[in-house]
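Heads up, the thing below is written out as structure tokens.
The values are calculated or read from the model by the stated rules, or taken from the named source; none is laboratory data. Everything numeric here is computed off the predicted structure, so don't read it as measured data. Glycine also receives a Cβ, built like all others from the backbone with ideal geometry; neighbour counts cover every protein chain displayed. What goes into the accessible areas is simple: the full protein's heavy atoms, side chains included, and nothing from ligands, DNA or RNA. Shrake-Rupley method; radii C 1.70, N 1.55, O 1.52, S 1.80 Å.
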Amino acid sequence: MGFRLTLFSWSLAVLWAQQPAPLISPEVLPDQRVTFRLRAPNAQKVELRREGVPPVPMQKDESGVWSVTVGPLEPDFYGYAFVADGVALLDPANYLMKPNLLNPQSMVHVRGPSSLPWELNDVPHGVLHRHFYRSAIVGDDRDFFVYTPPGYDPRTGKAYPVLYLLHGYSDDASAWTAVGRAHVILDNLIAQGKARPMLVVMPLGYGAPEIVRRGGPGLRDPVVWRRNVERFRDALLGEVVPMVERTYRVSKDRTQRAIAGLSMGGTQSLFTGLNALDRFAYVGAFSSGGLLPDHDATFPGLDAKANNKLRLLWIGCGTEDRLIEGNRKLIEWLKSKGIRYTWVETPGAHTWMVWRRYLAEFVPLLFR
């Protein structure tokens, strides 16, 4: 028995010695450059595909490890993937994930000062709640997340304002927390006295779920796209809002409700909010994508009289974003109708690095 155990232990030691050393990837260097590594000795070509920038080639060493160093990068969270011989891969050495229904990625955190709104600080924290329900309107099982601020107590009579915060195409309901850091941003802004304590509701954004199914119509079919926008509105107003108002201490006053979103969610926020000013006094749209082209038909009856109800219409887009021209055309249409708005153009592409900053700028303007 002793001989067999000794032989077994020796065999394990040999196998262990033959294993390659574990890779460190990504490695954030002191000067904020970042090195990415992938062991793929049989690959012929590997690239790093990083959120918002063109792919960059990686170089292979004699042990079959591909690497590249980029930056320095501004402090933030960045999504990335490897592309090996045309196949997109997550980083097997990295636990940090950017969830997505079609294109999940790995993430790297380049840490910054505590003053950045998405950095975790030693402040009172709110609570994230996840709800599941059957949607009779859409016909599927779905979820939504709710952030309750620090100190929220359902036993008190206090009614909180509420922001309905919508994700983009191919995201799921967790996107604004898992990637956008919305709960951290709210914690920090509330602790600094820059934002009122509020609830944030983050629903699943598909009124036509087939639009995000692999092999489905995607964004190509305008009929499906319009159904996606319209049925999402119906599910939000007819199912999610009533559930939230039954479950949480939130105000039913329109001046205490806001709706905002990014990309697809920006278009849905505009379509839902501007056509329901009896329900929402604040509307935000970040890098809106898939804007319905006929604004007169999309927003029937919207004119300068809306200014009496709109406390804030906030629209922003990055100057390197391919969607900026469509957003600029919407601004020109709003101007022609005499509707007041805040229009923000900032450097940046169609990325979370833009949207985190927009959320941090938008939230302090609410419910004042």
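On full extension of the chain, what length is gained from residue 333 through residue 226, given 0.36 nm per residue of separation minus the C-alpha to C-alpha distance?
Between residue 333 and residue 226, full extension yields an extra 36.5 nm.
Please pull out the direction-averaged projected area of region 112-171, using the convex hull of its alpha-carbon atoms, in nm² to one decimal place.
Spelled out: convex hull of the Cα atoms, projected over all directions, averaged, 6.9 nm².
Can you give me the accessible area per residue for the chain, using a 1.4 Å probe, in Å²?
Spelled out: the 1.4 Å probe surface of the chain, per residue, equals 47 Å².
What FRET efficiency comes out for the pair residue 90/residue 253, r = Cβ-Cβ distance, R0 = 35 Å, nearest 0.05?
Efficiency computed from Cβ-Cβ geometry: 0.20.
Leaving out ligands, DNA and RNA, and with a 1.4 Å probe, what % of the accessible surface on region 131-276 is carbon or sulfur?
The value for region 131-276 is 50 percent carbon and sulfur by accessible area.
Based on the Cα gyration tensor of region 256-357, what are the three equivalent ellipsoid semi-axes, each the root of five times an eigenvalue, rounded to whole Å and given largest first?
For region 256-357, the semi-axes come out at 21, 14, 12 Å.
Can you order the peptides 205-216, 104-115 by their average number of other Cβ atoms within 10 Å per residue, highest first?
Highest to lowest by the protection proxy: 205-216, 104-115.
Take each of the peptides 77-87, 128-138, average the number of other beta-carbon atoms within 10 Å over its residues, and list them starting from the highest.
Order by mean packing, descending: 77-87, 128-138.
Can you put 122, 294 in order of accessible area, largest first, using a 1.4 Å probe?
Order by accessible area, largest first: 122, 294.
Please state, as a whole number in µm²/s, the translational diffusion coefficient that the Stokes-Einstein equation yields for region 87-138 at 10 °C and 1.306 mPa s, with Rh defined as the Kirkwood radius across alpha carbon pairs.
The diffusion coefficient I find is 105 µm²/s.
Taking a temperature of 37 °C and a viscosity of 0.692 mPa s, what whole-number D in µm²/s does Stokes-Einstein yield for region 59-151 with Rh from Kirkwood over alpha carbon pairs?
The estimated diffusion coefficient comes to 189 µm²/s.
Listed here are the pairs 45/98; 194/329; 252/305; 194/309; 98/309; 194/252; which of them are more than 27 Å apart at the Cα?
194/329; 98/309
Any idea what the relative contact order of the chain is, in percent, if you count C-alpha pairs under 8 Å spaced at least 6 apart?
RCO, the chain: 12 percent.
Output the relative contact order of region 203-313, whole-number percent, from Cα pairs under 8 angstrom with separation of 6+ residues.
Taking the mean separation of contacting Cα pairs over the length of region 203-313, I get 20 percent.
Please report the base-10 log of the normalised intensity I(q)/I(0) for region 150-285, using a Debye sum with one equal scatterer per alpha carbon and no solvent, at each q in 0.19, 0.20, 0.22 (1/Å).
These q points yield log10 I(q)/I(0) values of -1.13, -1.22, -1.41.
Using helices alone, what [θ] at 222 nm do you get for the chain, with -39,500 (n - 2.57) per DSSP H run of 4 or more residues, divided over all residues and rounded to the nearest 500?
-7500 deg cm²/dmol
Running Debye on region 213-304 with equal point scatterers at the Cα sites and no solvent, what base-10 log of I(q)/I(0) appears at q = 0.11, 0.22 Å⁻¹?
-0.35, -1.19
Take the eigenvalues of the Cα gyration tensor for the chain, scale each by 5, and report the square roots as semi-axes in whole Å, largest first.
Semi-axes, largest first: 42, 24, 21 Å.
Inverting the mean 1/r over all pairs of different Cα atoms, compute the Kirkwood radius of region 314-358 and quote it in Å.
In region 314-358 this quantity evaluates to 10.9 Å.
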